[in-house]
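Asks: Attaching a single structure in structure tokens format; questions to follow.
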Amino acid sequence: MNKTIDKVTTKRMALYSGRTHPVLAQEVAAHLEVQLGDANIVEFANGELRPRFGESVRGGDVFIMQTHCATEGRSINDSIMEQLIMIDAAYRASAKRVTAVCPFYGYARQDRKSDGREPITARLIADLFKAAGAKRMVSIDLHSGQIQGFFEGPVDHLTAMPVLEKYVRQHARNEVVIVSPDAGRVKVAERFAQHLADMNADVAFINKRRPKNTTNVAVAKEVIGEVEGRLCILADDMIDTGGTITSAADLLIARGATEVWAMATHGVLSGPAIERLEKSVISRVVLTNTLPLPKEKQIAKIEVLSVAKILADALAAVFDETSVSDLFDGENQS
């Protein structure tokens, strides 16, 4: 006697967050209308971690979200390791696919050898994700597009430009100048200005010099472009120690700019950054919430925009097997 079994396969999305930035993960889950899973992370006395998911992920499409930064006594390396261990747990629990969601990708600036005997750590992180069991990666505004090629699998490179553009439209007058803090970001500034063409937006960039064998040091030399009498918006992927952005702002004011804003996707804000921004000629610092902003860094001139909807739409597209680049008209690819 032959028996046939009719089986209906139901796709399941599971979203989990590490401990670095759970507020963003909760916001993404709310947009997706899913329950954020419980990772049940136990930290042993010696600092080792053990997650144990509270429900079965067998056959599921699992997204492990962690932004890479230091928080609450834990280092950026701790946040990366925590995500890797969670990915390994999902992989060993027979998840159908595990996607690493990294709103801010750590070590992204070390994407090539600029001197002898240096690591390419951005590639190392990608290799670790693959080794842990991640089949796909999602990130926002990588420091350089080439990092997409480091990961052996699909990489969805998102951009925060839609929320930054919306802010400019709501709060700026016409005839703004989008200023790239260095020559390497000019293409991004040009695209930003093209989106604001109806506001007569123009483009300029800062010619800067980074002294050899230094880190977090850049000297603004000259402005290329017309900025006199206009609102200048310095646009970058991140603000770390604030040295580059504040020296660029001083130069813009010296060249006749009436006001300077700073806009960046990632507010790393290390070391003297807050003090520098507070004392600077910059009147507004507009960041997104890819990284948490501790209370002690929440100064009056900093405004934080949410990228949760951008992340949620991208994760929904990955889950539904539809195009992520269509969400940005393909502009996220370059």
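The values are calculated or read from the model by the stated rules, or taken from the named source; none is laboratory data. On a predicted model such as this, the values are computed, not experimentally measured, just so you know. Glycine also receives a Cβ, built like all others from the backbone with ideal geometry; neighbour counts cover every protein chain displayed.
Asks: Is it true that Gly133 is more than 24 Å from Asp329 (Cβ to Cβ) and in the same structural domain as Arg92 (by TED's automatic domain parsing)? Full working, then the answer.
Replies: On the way: more than 24 Å from Asp329 (Cβ to Cβ): yes; in the same structural domain as Arg92 (by TED's automatic domain parsing): yes.
Taking the combined requirement at face value, the residue satisfies it.
Asks: Being among the aromatic types (Phe, Trp, Tyr) and over 16 Å from the mean Cα position of the chain (by Cα) is the filter here; which residues of the stretch 303-334 pass it?
Replies: Matches in the stretch 303-334: Phe319 only.
Asks: Here's another thing I want to ask about it. Determine, yes or no, whether Asp198 is of a type in the set (D, E, K, R) and in contact (Cβ under 8 Å) with a residue 12 or more places away in the chain.
Replies: no
Asks: Checking the structure you have, find out if any residue of the stretch 147-168 is touching a residue at least 60 places away in the same chain (Cβ under 8 Å), of a type in the set (Asp, Glu), crowded, with 19+ Cβ neighbours inside 10 Å and in contact with a His (Cβ under 8 Å, 6 or more places away or on another chain).
Replies: no
Asks: If you check Pro211, Pro181, which single one turns out to be surrounded by 22 or more Cβ atoms within 10 Å (Cβ to Cβ) and modelled with pLDDT under 95?
Replies: Pro181
Asks: If Val223 satisfies every condition in (1) in a strand (DSSP E or B); (2) farther than 20 Å from Phe192 by Cβ but one, which is the exception?
Replies: (2)
Conditions tested, residue by residue: (1) farther than 23 Å from Ala312 by Cβ; (2) part of a strand (DSSP E or B); (3) at pLDDT below 95.
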position	(1), (2), (3)
Met1	yes, no, yes
Val8	yes, no, yes
Ala29	no, no, no
Val34	no, no, no
Phe53	no, no, no
Ile85	yes, no, no
Asp88	yes, no, no
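Asks: Still on this structure: Out of the stretch 254-273, which residues are touching an Asp or Glu at 6+ places or on another chain (Cβ under 9 Å) and either assigned to a loop (DSSP other than H, G, I, E, B) or among the polar types (S, T, N, Q) (or both)?
Replies: Those that are touching an Asp or Glu at 6+ places or on another chain (Cβ under 9 Å) and either assigned to a loop (DSSP other than H, G, I, E, B) or among the polar types (S, T, N, Q) (or both): Arg255, Gly256, Ala257, Thr258, Thr265, Val268, Leu269, Ser270, Gly271.
Asks: Let me ask something else. Output the number of the condition that Val186 fails; it satisfies all remaining conditions of (1) in contact with a Lys or Arg (Cβ under 7 Å, 6 or more places away or on another chain); (2) free of Cβ contacts under 8 Å to residues at least 60 places away in the same chain; (3) β-branched (Val, Ile, Thr).
Replies: Val186 satisfies every listed condition except (1).
Asks: Would you confirm whether or not the stretch 112-128 contains a residue that is within 21 Å of Ala14 (Cβ to Cβ) and of a type outside the set (A, V, I, L, M)?
Replies: No.
Asks: Exactly one of these conditions fails for Phe104: (1) within 26 Å of Val34 (Cβ to Cβ); (2) not in a loop (DSSP other than H, G, I, E, B). Give me its number.
Replies: The one condition Phe104 does not meet is (2).
Asks: Can you tell me which residues in the stretch 274-330 are acidic (Asp, Glu), part of a helix (DSSP H, G or I) and either crowded, with 20+ Cβ neighbours inside 10 Å or in the same structural domain as Arg74 (by TED's automatic domain parsing) (or both)?
Replies: Asp313, Asp320, Asp326 - these are the residues of the stretch 274-330 that are acidic (Asp, Glu), part of a helix (DSSP H, G or I) and either crowded, with 20+ Cβ neighbours inside 10 Å or in the same structural domain as Arg74 (by TED's automatic domain parsing) (or both).
Asks: Would you be able to tell me the number of residues in the stretch 94-131 that are touching a residue at least 60 places away in the same chain (Cβ under 8 Å) and either hydroxyl-bearing (Ser, Thr, Tyr) or out of contact with any strand residue (DSSP E or B) (no Cβ under 9 Å at 6 or more places or on another chain) (or both)?
Replies: Within the stretch 94-131, the first condition is being touching a residue at least 60 places away in the same chain (Cβ under 8 Å), and the residues that meet it are 95, 99, 101, 103-104, 115.
Okay, now just the ones that are also either hydroxyl-bearing (Ser, Thr, Tyr) or out of contact with any strand residue (DSSP E or B) (no Cβ under 9 Å at 6 or more places or on another chain) (or both), so 99, 115.
Residues that pass the stated criteria total 2.
Asks: Is it the case that the stretch 60-72 has a residue that's in a loop (DSSP other than H, G, I, E, B) and among the aromatic types (Phe, Trp, Tyr)?
Replies: No - not one qualifying residue is present in the stretch 60-72.
Asks: Then there's this: Any residue in the stretch 41-61 that's without any contact (Cβ under 8 Å) to a residue 24 or more places away in the chain: show its pairings with residues that are of a type in the set (Asp, Glu) and in a loop (DSSP other than H, G, I, E, B) at Cβ separation under 7 Å, as long as the two are six or more apart or on different chains.
Replies: Close Cβ pairs satisfying both conditions: Gly54/Asp38.
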